[in-house]
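Take a look at the structure set out below.
The numbers here are math on the coordinates, done by the rules we state, and not lab data. Model, not experiment: these values are computed from the prediction. Here the Cβ positions follow ideal geometry from the backbone for every residue, glycine too, while neighbour counts run over all protein chains shown.
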Number of protein chains: 2
Amino acid sequence: MNAQSTPVQVRDQIRSGQWGKNTSGLASGYVQGNIVILPKAWADDFLKFATLNPKACPIVGMSENPGDFLLPSVGENVDIRSDVSSYKIFRDGQFKQEVSDISDVWQDDLVTFVLGCSFSFEEPLIADGLEVRNITENVNVPMYRTNIECQSAGPFSGTTVVSMRPMVPKDAIRAIQICSRFPSVHGAPLHFGQPEMIGIKDINTPDFGDAVTIKEGEVPVFWACGVTPQVALEQAKPPFCITHSPGCMLVTDIRNSALSIL
Amino acid sequence: MNAQSTPVQVRDQIRSGQWGKNTSGLASGYVQGNIVILPKAWADDFLKFATLNPKACPIVGMSENPGDFLLPSVGENVDIRSDVSSYKIFRDGQFKQEVSDISDVWQDDLVTFVLGCSFSFEEPLIADGLEVRNITENVNVPMYRTNIECQSAGPFSGTTVVSMRPMVPKDAIRAIQICSRFPSVHGAPLHFGQPEMIGIKDINTPDFGDAVTIKEGEVPVFWACGVTPQVALEQAKPPFCITHSPGCMLVTDIRNSALSIL
């Protein structure tokens, strides 16, 4: 599979167990989503948390009713029990195991959230000729915990996690313009320049992902990151929760361009 | 006169000699323009120069035919010979005199250009709650010569002059979004942060205007500036040329909001 594969092809291969890896670069042009699955009793507060923190937790889709494992609003025949290549299962906030199918642990009260991911805005940045360093260096984007407090909702709270891409100021300005068109995949950056202003002590030691080279004349540019809800989940400790494994996203039938507001 | 005055009231007062000062803060909500008046033989190249350098030289209006002193496209009964409170007359590129009326030096071959000015984007920045330091400190915006080359056209060439407003990164990101909506009044900034990257040696010693305070945590944000065409004119040395005096703009009937592309 590759960038030319259709979302349906990608999901079929994943469902049949033929693709267990990350989905970066597959089905170019289509939205890939972070997944959070929670019992209904916790889902309402999580929805409120996401609504209050839209830059970090942009919802691009969710199940219509508790227990629904089909998600027609994000793609044809999407079965959230099998269409993600790798899932992480948490109990009482503790990571328990990584699995490739969650059919056997599915419950009738589970609600699925599909959250926007930075893959969707990296694509138009690259299309505009900007360099995305983590892609050039073929590593995971560096991510950092910050001192930017999220709005809390019920048990969900915490600080914002940001991803970082270094750019010269001219390119950063262009990236701000391009990303402003995509509010449902994190939108415009939150900050650029001095990392310590947002509580990052060492830019060369990310809390998640990998460090990337920052060249002379470049400034670090920081976007709200989809890891933010995972940190909030760790703190809230719901009795049961399932997420995708990092990089193993749900490939949807929604075009990235459809998320553009302009 | 004040912010509540209409453009027609402002021009009437200026025309009758009752207002000889700068027009900053008058007729809030309406576009004020930089003025360049050139003989037809030089105007074609100047138009090409402006077209090739739209961020520094955004044309919001021009006379329909050489010799026209009425400019109906920018305002009711605008008479460019009398409706600017102070003009500068140049001969062979040399500044000769400052006058409040140019009727006696008007020629049948003169072409008038009205260029967008930063007043139009400072207004939406302030409306959004951002601080514009030169306004807070009640001084002229600091402006600097840079090493950013303009595209040349005939005798017109030179480097870009920029204006600078210091902001914390979060506000700079918002300013980039807002100004992107106004491409005909300089649009998004060209640069932020390190002044030396664009050839500015001392941020505390602007080449034009006044220095402003840069507070801890703020970065200088640089916009292409309407002084750029004046520098190109100084170098091109046309036999005859008239501009407005700094801050003494043409107040037009065009609403700032009408220049917004979105």
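Can you say whether B:PHE156 is among the hydrophobic types (A, V, I, L, M, F, W, C) and surrounded by fewer than 19 Cβ atoms within 10 Å (Cβ to Cβ), as far as the supplied structure shows? Considered against the rule, which asks whether it is among the hydrophobic types (A, V, I, L, M, F, W, C) and surrounded by fewer than 19 Cβ atoms within 10 Å (Cβ to Cβ), B:PHE156 comes out as no. Counted as qualifying within the stretch B:78-143 are the strands (runs of 3 or more DSSP E) with 2 or more residues that are over 18 Å from the mean Cα position of the chain (by Cα) and surrounded by fewer than 19 Cβ atoms within 10 Å (Cβ to Cβ), namely B:94-99. Is it the case that B:LYS215 is touching a helix residue (DSSP H, G or I) at 6+ places or on another chain (Cβ under 8 Å) and more than 21 Å from B:PHE46 (Cα to Cα)? Judged against the criteria, B:LYS215 is not a match. When you look at A:GLY20, is it over 29 Å from A:TRP223 (Cα atoms) and in contact (Cβ under 8 Å) with a residue 24 or more places away in the chain, yes or no? So A:GLY20 fails the test.
State yes or no: is A:LEU233 surrounded by 18 or more Cβ atoms within 10 Å (Cβ to Cβ), of a type in the set (A, V, I, L, M) and within 28 Å of A:ILE178 (Cβ to Cβ)?
no
Can you report the number of residues in the stretch A:179-209 which are surrounded by fewer than 17 Cβ atoms within 10 Å (Cβ to Cβ) and under 15 Å from the mean Cα position of the chain (by Cα)? Within the stretch A:179-209, residues that are surrounded by fewer than 17 Cβ atoms within 10 Å (Cβ to Cβ) and under 15 Å from the mean Cα position of the chain (by Cα) number 1.
The residues of the stretch B:1-44 that are in a helix (DSSP H, G or I) and basic (Lys, Arg), listed by number, are B:ARG11, B:ARG15, B:LYS40.
Among the conditions (1) at the interface with chain B (Cβ under 10 Å from one of its Cβ atoms); (2) not in a helix (DSSP H, G or I), A:PRO238 misses just one, which is (1).
If the condition is being closer than 18 Å to A:PRO183 by Cβ, buried (at least 23 other Cβ atoms within 10 Å of the Cβ) and more than 8 Å from every other protein chain (Cβ to nearest Cβ), then the stretch B:165-178 contributes only B:ALA175. Contact map, the stretch A:90-116: residues that are more than 16 Å from A:GLY247 (Cα to Cα) paired with residues that are of a type in the set (Asp, Glu), Cβ distance under 6 Å, separation 6+ or inter-chain. Pairs shown: A:GLY93/A:GLU234. Are any residues in the stretch A:181-218 in contact (Cβ under 8 Å) with a residue 60 or more places away in the chain, assigned to a helix (DSSP H, G or I) and within 14 Å of chain B (Cβ to nearest Cβ), and if so, which ones? Result: A:PRO183, single match.
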